[in-house]
Amino acid sequence: MTLRRVYAAVSGMRPGTAVVLGAVAVFTAWMLTGLGGPTLTRDVSNVGTFLLTLVAAGACLLRGARHRGRVRGFWYGTGAGLLSWALGQGIWTWQETVLRGEVPFPSAADMGYLLMMPFIAAGLLLAPVSRQTLSHRLRSVVDGLMIATSLLLVAWLLVVAPLIGSSGSSLVGLSVTLAYPLGDVVLITVVLHVLALLRRRGEQAGPTLLVGAAMVVICVTDSVYVLVSLKGDYESGGLLDVGWFVGFALVLLAARTRGHSAPEDLEREEAAEVERPFAIALPYAAVVGAVLISVVWFARTGHADAFFAWSRTVLIVLILVRQLITLRENRHLTRHLEARVAVRTAELHASEQRFRALVQQSSDSVAIIAADSTIRYQSDSIERIFGYPATMLLGHRLVEAAGKAAGPRIAAAIDSVRAEPYATTVLEVPIRHFDGRVRLAEMTITNLLDDPAVGGFVLNTRDIHDAKELQDQLLHTAYHDGLTGLASRALFRDRLEEALAAADARAEVAILFLDLDGFKEVNDSLGHAAGDELLVRVAARIRETVREHDTVARFGGDEFAVLVQSIAATRDAEAVARRIVAAIGEPVTVDGRELHVGASIGLASGADADDTDQLLRNADLAMYKAKAGGGGGVASYDPKMHNVLVERLQLEADLRVALEQGQLALHYQPTVDLRSSLIVGFEALVRWHHPTRGMVSPLEFIGIAETTGLIVPLGRWVLAEACRQAVAWGADGDRDLTMAVNVSVRQFEHGDLAEMVAEVLAETGMPAERLRLEMTESVLLTDTDENLAQLQRIRALGVTLAMDDFGTGYSSLAYLRRFPMEILKIDRSFVDRLGGGDREDVALVRTIVQLGQSLGMATVAEGIEDAVQLAALREMGCPFAQGYYLSRPLPAPEAGKLLVHGLPTPAVAA
């Protein structure tokens, strides 16, 4: 143990250690060889020892200045002792080396040498040591007295007695001579006492150990010096001087040693010790050593003096006192251990009770079974979980008690872990409850046959029946639509991936993507309850038309999908799609109302896709193709559809850039009073001059703007530009021209349209009565109440409202009287049929004109292409008209010229 502590101390030394060790090696070699002659060797010894002692003293004092408390006292005491010795050595060196004279004995140098011992002893007694009880302190005092007495006895026999007997010196000389060995005895006693009590893990352990070792070396050297001096053989520069040099070198190393804790393994090893063996054995070792030396001395001399007798008597008394103290400590230790055993026993009992309570109240049933599955222990919790009293199962074989369904599986699980100690397996088995119900249980079997405390298999069993049912229910909810009971998007996707992975060829897999036509109108007009009922009816019809093994799923809203698998999947999917279209096209009665919806179906084959996502996307593109064709049909995927989609996405991105960079412009088409042939207003129509595509038709980008929501900023820009232009024309002329601007249904859905119109009117200074907002009948059919409220707020501003494309929508007449419309615009499809000789077409347009007159609404005919149509409208009494025959939409400068020069003569004349 001590060697490891010395190693720990040395390993904590600073890099300058090598210099110190090198100096020791050089000094020792010089003293051995006598290089340069006796005088030079003596001078090197004197000066070298003096300087080393002085440096070591300074290092100790500096180390002490960096600490507090007992550690500072330790270093200051050690430094003071070394300074005292250095003073004595300085006097010696001055006399012998500088003055080249003999050093008298005793001299002032001896005073410096001897004063080192009390200073060093005081410093060592201030070193941090382990805390002790009163009993331990008393024993430490006795131990110290035993060591001191033993060393004094040895010193008396070997040094003091011979010295007294042979010395012819004066009383002072004899006293100084005796002071060396006696002081050494005291100092060594203090060193051994401190080292015995030294803290193992304190940062002072290493330095204190080195200082103690240094003092032992110096004291031994002093004793040898005294013996040599008795014979008159001592001379400076001899091998004996190496002892002092090495001793003070060790002190210097101690002062330069870092605070170093004992190794972790040593800490763990020593932490468990109640007593330090070294501390216990040291005083006895000193006594034994003294006794052995005394026996040898007595055998050689044949007599014993009074000091020997008294020392022997003191040692015997001290040993008896120490034994009494030890007996007292042992009794105290026994009581302490008994108390600890009692506390530990109580803790173990409490722990056992807690464990028993946890086992009994656990949600698991705990059982221990023998190798043949005989139940040796069963926790009472089984009665709460499965209804069986624990005593009812003891002694029975589990594989037989578990029943025919669970028994063989439990036996197989036991066999699977039998060969491997501590192996574990988990299985789910049906367990019949005491009341007859079958419950699903999770059983964990652990092989503890080799554990002497168990010697069997441990079974932890819990009832997971309810949790399993809930899990299955949640799984069903996650993979099925809550409204229709069809498969969900997630389940459809899983089955599609499985189908693509299992198919020999991807052409054996096809999907249908279905979207209802007209469902939104039903949902908005009749409410969500009616819409949900319609979805349930549609889902039932789809299930009835598909084949038994086809998967039908609802993706959300009014979107459905069908997975078709066969050798001719595309052909079979086309047949299924036709049946679905026909079935959904049949009227559906909901809440006493007969509803008509259709289905737009996109068909995609696995042969055209690399993965699931691409196949779903292909079907979606095909569905939009079917819907764009008017709905109520089936469209198969064509790779060109993807190109169209890419172009659409690019056009969307370009449209955003066009809004930011001002690539859009307005053209104005005049509205003509057919009675006076004068221009009474204009309709603002947006145009887009693409930097690479040239002019882009509104039919291409208006739909994209509505789908993406860009129609909102686009619509505001159009309204603001049109109002500014109308204000400019009004300032230049004397007529109050109206400006018509189209409004999309999407603008009603995003923000407050009335507020936006009011802002634009305020920004541009446009009179509200000169602004006309035109909208299609879809505005009247979507979110009816909210749109009606917005229209009423717009009308309250003084803005005129017009219904565009009248006659082409659904249930238009039902909303005419409810909404504050002032103008009806007759759709161009009716105007196109005028002049064809069909009286029914003429009668239909005439009816619309008369309807407007009866409702107090003006009518505007759109799309006039020739003079015949213009004449027919004038004859019917239609007040206003627009069309290419009158004027195409024109840029603002050219439209302004029409205000100055009027319409072309043929148009006016007609």
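Please verify whether A861 is surrounded by 20 or more Cβ atoms within 10 Å (Cβ to Cβ) and either over 60 Å from the mean Cα position of the chain (by Cα) or at pLDDT below 85 (or both), treating the condition exactly as stated. The answer is yes for A861.
Can you list the helices (runs of 4 or more DSSP H) lying wholly within the stretch 558-665 that have 3 or more residues being crowded, with 21+ Cβ neighbours inside 10 Å and in the same structural domain as V546 (by TED's automatic domain parsing)?
Output list reads 569-585, 612-628.
For the stretch 83-94, the criterion of being within 23 Å of T257 (Cβ to Cβ), surrounded by fewer than 21 Cβ atoms within 10 Å (Cβ to Cβ) and β-branched (V, I, T) is satisfied by no residue at all.
Scanning the stretch 375-420 for residues that are more than 24 Å from D450 (Cβ to Cβ) and among the aromatic types (F, W, Y) yields F386, Y388.
Does the stretch 885-900 contain at least one residue that is part of a loop (DSSP other than H, G, I, E, B), more than 26 Å from P698 (Cα to Cα) and of a type outside the set (A, V, I, L, M, F, W, C)? Checked the stretch 885-900: no residue is part of a loop (DSSP other than H, G, I, E, B), more than 26 Å from P698 (Cα to Cα) and of a type outside the set (A, V, I, L, M, F, W, C). Just to be sure, is V581 over 44 Å from the mean Cα position of the chain (by Cα), of a type in the set (A, V, I, L, M) and over 26 Å from Q614 (Cα atoms)? Against the criterion (over 44 Å from the mean Cα position of the chain (by Cα), of a type in the set (A, V, I, L, M) and over 26 Å from Q614 (Cα atoms)), V581 does not qualify. Give the stretch 435-454 a look and list any residue that's closer than 17 Å to S416 by Cα and either more than 35 Å from the chain's Cα centre (by Cα) or not assigned by TED's automatic domain parsing to the domain that holds Y377 (or both), or say none. Residues satisfying the conditions are N447, L448, L449, D450.
Looking at the stretch 744-777 only, could you name the residues that are surrounded by fewer than 18 Cβ atoms within 10 Å (Cβ to Cβ) and assigned to a helix (DSSP H, G or I)? Passing the criteria: E749, E755, A758, E759, A762, E763, A768, E769. Report, ordered by the first and then the second residue, all pairs with beta carbons closer than 7 Å, sequence separation of six or more or different chains, a first member in the stretch 744-755 that is more than 9 Å from V712 (Cβ to Cβ), and a second member that is small (G, A, S) and at pLDDT below 80. Pairs found: V745/S778.
Counting only strands (runs of 3 or more DSSP E) wholly contained in the stretch 437-519, the ones carrying 1 or more residues that are closer than 30 Å to D372 by Cβ and small (G, A, S) occupy 438-448, 456-463. Whenever a residue of the stretch 27-39 is touching a residue at least 24 places away in the same chain (Cβ under 8 Å), its partners that are assigned to a loop (DSSP other than H, G, I, E, B), lying with C-beta atoms within less than 7 angstrom and at least six residues away or across chains, give the pairs M31/G237; M31/G238; M31/L239; L32/L239; P38/G237. What pairs come up if the first residue lies in the stretch 354-373 and is under 11 Å from L459 (Cα atoms) and surrounded by 13 or more Cβ atoms within 10 Å (Cβ to Cβ), the second is modelled with pLDDT under 65 and not hydroxyl-bearing (S, T, Y), and their beta carbons are under 8 Å apart, counting only those six or more places apart or on different chains? Taking only residues 6 or more apart or on different chains, the pairs are V366/V359.
Residue-by-condition table, conditions (1) modelled with pLDDT of 85 or more; (2) surrounded by fewer than 19 Cβ atoms within 10 Å (Cβ to Cβ):
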residue	(1), (2)
G436	no, yes
L440	yes, yes
A453	no, yes
I464	no, yes
K468	no, yes
Q473	no, yes
G482	no, yes
L486	yes, no
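Based on what the data block shows, is V417 under 21 Å from I368 (Cβ atoms), in a helix (DSSP H, G or I) and in contact (Cβ under 8 Å) with a residue 40 or more places away in the chain? So V417 fits the description; yes. Pairs linking a residue in the stretch 692-717 that is part of a loop (DSSP other than H, G, I, E, B) to a residue that is among the hydrophobic types (A, V, I, L, M, F, W, C), with Cβ atoms under 9 Å and 6 or more positions apart or on different chains, are R693/L651; S697/W688; L710/L655; L710/L659; L710/F701; L710/I704.
The residue that is modelled with the highest pLDDT, among those in the stretch 806-827 that are surrounded by fewer than 17 Cβ atoms within 10 Å (Cβ to Cβ) and more than 60 Å from the chain's Cα centre (by Cα), is E822. Looking across L124, L114, one residue alone is crowded, with 21+ Cβ neighbours inside 10 Å, in a helix (DSSP H, G or I) and modelled with pLDDT under 85. It is L124. Six or more apart or on different chains, Cβ atoms under 9 Å: show the pairs whose first residue is in the stretch 883-906 and surrounded by fewer than 12 Cβ atoms within 10 Å (Cβ to Cβ) and whose second is of a type in the set (A, V, I, L, M, F, W, C). Going by the 9 Å Cβ cut-off, the qualifying pairs are K897/L890; P906/A867. When each of A86, A56 is tested for being assigned to a helix (DSSP H, G or I) and within 60 Å of the chain's Cα centre (by Cα), the lone residue that passes is A56. Against the conditions (1) on the phi > 0 side of the Ramachandran plot; (2) at pLDDT 85 or above, T49 satisfies every one except (1).
Hey, does the stretch 209-221 have a residue that's at pLDDT below 75 and either within 30 Å of G101 (Cβ to Cβ) or not in a helix (DSSP H, G or I) (or both)? No, there is no match, as no residue in the stretch 209-221 is at pLDDT below 75 and either within 30 Å of G101 (Cβ to Cβ) or not in a helix (DSSP H, G or I) (or both). Residue-level check: of (1) under 27 Å from M117 (Cβ atoms); (2) small (G, A, S); (3) at pLDDT below 85, G37 misses just (1). Would a scan of the stretch 520-527 turn up a residue that is surrounded by fewer than 20 Cβ atoms within 10 Å (Cβ to Cβ) and touching a strand residue (DSSP E or B) at 6+ places or on another chain (Cβ under 6 Å)? No, the conditions are met nowhere in the stretch 520-527.
The values are calculated or read from the model by the stated rules, or taken from the named source; none is laboratory data. Not measured: the values here are computed from a predicted model. Ideal geometry is used to build each Cβ from the backbone, glycine not excepted, and the neighbour counts take in all protein chains shown.
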